[in-house]
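The values are calculated or read from the model by the stated rules, or taken from the named source; none is laboratory data. If you're wondering where the values come from, they're calculated on a predicted model, not measured in any experiment. Because the Cβ atoms are built from the backbone with ideal geometry, glycine has one as well, and the counts that use them run over all protein chains shown. Remember, those area values only see protein heavy atoms, side chains included, never the ligands or the DNA or RNA. Shrake-Rupley method; radii C 1.70, N 1.55, O 1.52, S 1.80 Å.
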Amino acid sequence: TDVEMVAKPDPTSKTDVEIVEKPDPIPIVEVAAPVKLPPKAPVKAVFSCQDSFKKILSSGKINFTSGKSVIQPESYKLLDSLVAVAKKCPNDAVAIGGHSDSVGSKKFNKTLSASRANAVKEYLINKGISGNRLQAIGYGESKPIADNSTDEGRAKNRRIEFNVIDRKEVLTI
């Protein structure tokens, strides 16, 4: 500990100088060079709503009565799986896209695909998913994924798709 003499500004003091002990200086600490850590492995998402919807829909198909938007009972299990995913993703909005093959008029196919997308939307709402999160869109035959000249191709084109979208899009479309 060092000692320092400091002038006293107090006029009543009998001496002009006061001895004050200086505190120990702050010790200087040497810092080691930074340690370079290995790069972190990329974090893989444990659960993705979009991937889960695609996986479920690739494992089966939502079936309807021919030419109508009545959901067939054998599709309920698949739909319930989609509901479970939607419940795990309460902040995600979903566009339910209905698609048709090219048999029939374009107007009929667009109307039918929209009606089927709405039937799926209603199913989800009845199972507890907020309608504010859901949007039904009928694409008709405008987005084929297979050749409409074969039975197999037409069957692939008749489908329902789920796409996670920005919630603002649900309000504007």
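Among residues belonging to segment 60-95 that are among the charged types (D, E, K, R) and over 25 Å from residue 154 (Cα atoms), point out the one that is most open to solvent (accessible area, probe 1.4 Å). Filtering segment 60-95 for residues that are among the charged types (D, E, K, R) and over 25 Å from residue 154 (Cα atoms), the one most open to solvent (accessible area, probe 1.4 Å) comes out as 88.
Can you pull out every residue in segment 53-105 that is under 25 Å from residue 151 (Cα atoms) and assigned to a helix (DSSP H, G or I)? Before the answer, list the steps.
Of all residues in segment 53-105, those under 25 Å from residue 151 (Cα atoms) come to 54-76, 78-79, 96-105.
Those that are under 25 Å from residue 151 (Cα atoms) and assigned to a helix (DSSP H, G or I): 54, 55, 56, 57, 58, 59, 73, 74, 75, 76, 78, 79.
Among the residues of segment 106-129, what is the count of those that are polar (S, T, N, Q) and more than 19 Å from residue 151 (Cα to Cα)?
Residues of segment 106-129 polar (S, T, N, Q): 109, 111, 113, 115, 118, 126.
Now restrict to residues that are more than 19 Å from residue 151 (Cα to Cα): 111, 115, 118, 126.
Going through segment 106-129 one residue at a time, the tally reaches 4.
Which residues, taken from segment 105-118, are more than 16 Å from residue 78 (Cβ to Cβ), small (Gly, Ala, Ser) and in contact (Cβ under 8 Å) with a residue 24 or more places away in the chain? Give the derivation first.
Start the filter on segment 105-118 by keeping residues that are more than 16 Å from residue 78 (Cβ to Cβ), which leaves 105-115, 118.
From the residues that got through so far, the ones that are small (Gly, Ala, Ser) too are 105, 113-115.
Residues satisfying the conditions are 113, 114, 115.
Annotation: of all residues in segment 48-59 being over 26 Å from residue 111 (Cβ atoms) and open to solvent by less than 60 Å² (accessible area, probe 1.4 Å), the one that is farthest from the chain's Cα centre (by Cα) is 56. Would you please name the residue that is surrounded by the most Cβ atoms within 10 Å (Cβ to Cβ), looking only at residues in segment 119-130 that are touching a residue at least 24 places away in the same chain (Cβ under 8 Å) and of a type in the set (Gly, Ala, Ser)? The selected residue is 119.
Count of segment 96-111 residues, restricted to those that are crowded, with 23+ Cβ neighbours inside 10 Å and closer than 18 Å to residue 162 by Cα, is 4. Return the only residue of 154, 116, 159, 133 being in contact with a His (Cβ under 6 Å, 6 or more places away or on another chain) and surrounded by 15 or more Cβ atoms within 10 Å (Cβ to Cβ). Exactly one of 154, 116, 159, 133 is in contact with a His (Cβ under 6 Å, 6 or more places away or on another chain) and surrounded by 15 or more Cβ atoms within 10 Å (Cβ to Cβ), namely 159. Here residue 84 fulfils each of the conditions (1) free of Cβ contacts under 8 Å to residues at least 40 places away in the same chain; (2) out of contact with any helix residue (DSSP H, G or I) (no Cβ under 7 Å at 6 or more places or on another chain); (3) more than 15 Å from residue 53 (Cα to Cα); (4) not charged (D, E, K, R) apart from (3).
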